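The values are calculated or read from the model by the stated rules, or taken from the named source; none is laboratory data. As the structure is a computational prediction, the values presented were derived from the model and not from experiment. Virtual Cβ from ideal backbone geometry, glycine too; neighbours counted across all protein chains shown.
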Amino acid sequence: MDKMQGKPVSRDVKDWVILAVDDSPDNLYVLQAALRHFGARVFTASDGAEGLKKLAEIQPNIILLDLAMPSVNGWQMFESVRGNPETAHIPIIAVTAYAMSGDRERVLRAGFNGYISKPYDIGKLVEQIQTAITPVSP
């Protein structure tokens, strides 16, 4: 597998190192608490600028990214992550309140690995992430 693709992410939550980026402290708290409960290591950032700084400090194997944030929004952070050969391989899942018709398709067409709409179902969150990080067989 080439460097750009990176190593596949394990479906085992205990192997996950997640960077959750959202401007809502409540959303970050819920994501962090829920995913830590299942054994994931979760780091947080309050906007895309802080998220990009965290990428210099940690090596997540999944990014959960809100799209609508002040300063550097999720779309801008997504472009920065994908444009950097060191981070381009990290699966990025949009976790967003954008839930209008066509939003999911637009996000996936842009290259995100998955789309989870808010409010999300905590009981299904791990399964939704597992689905997004599992490569589709040809």
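Odds and ends about this structure:
- The one condition in (1) part of a strand (DSSP E or B); (2) without any contact (Cβ under 8 Å) to a residue 40 or more places away in the chain; (3) not acidic (Asp, Glu) that Arg109 fails to fulfil: (1)
- All of (1) modelled with pLDDT of 95 or more; (2) among the β-branched types (Val, Ile, Thr); (3) out of contact with any strand residue (DSSP E or B) (no Cβ under 8 Å at 6 or more places or on another chain) hold for Ile92 with one exception: (3).
- When residues in the stretch 102-118 are screened for being surrounded by fewer than 20 Cβ atoms within 10 Å (Cβ to Cβ), at pLDDT 90 or above and polar (S, T, N, Q), 0 of them pass.
- When Ile92 is tested against the conditions (1) under 21 Å from Ala56 (Cα atoms); (2) over 12 Å from the mean Cα position of the chain (by Cα); (3) among the hydrophobic types (A, V, I, L, M, F, W, C), the lone failure is (2).
- Any hit, the stretch 124-136, residues being assigned to a helix (DSSP H, G or I), of a type in the set (Ser, Thr, Tyr) and under 19 Å from Val9 (Cβ atoms): yes
- The stretch 77-102, subset in contact with a Leu (Cβ under 9 Å, 6 or more places away or on another chain) and not aliphatic (A, V, I, L, M), residue nearest to Asp12 (Cα to Cα): Thr87
- In a residue-by-residue description of the stretch 75-91, the property of being touching a Gly at 6+ places or on another chain (Cβ under 6 Å), within 21 Å of Trp16 (Cβ to Cβ) and in a loop (DSSP other than H, G, I, E, B) applies to at least one position.
- Those strands (runs of 3 or more DSSP E) of the stretch 4-65 in which 1 or more residues are touching a residue at least 12 places away in the same chain (Cβ under 8 Å), over 16 Å from Phe78 (Cα atoms) and not acidic (Asp, Glu) occupy 17-21, 41-45.
- Counted residues, the stretch 54-88 - those being charged (D, E, K, R) and either touching a Ser or Thr at 6+ places or on another chain (Cβ under 7 Å) or surrounded by 13 or more Cβ atoms within 10 Å (Cβ to Cβ) (or both): 4
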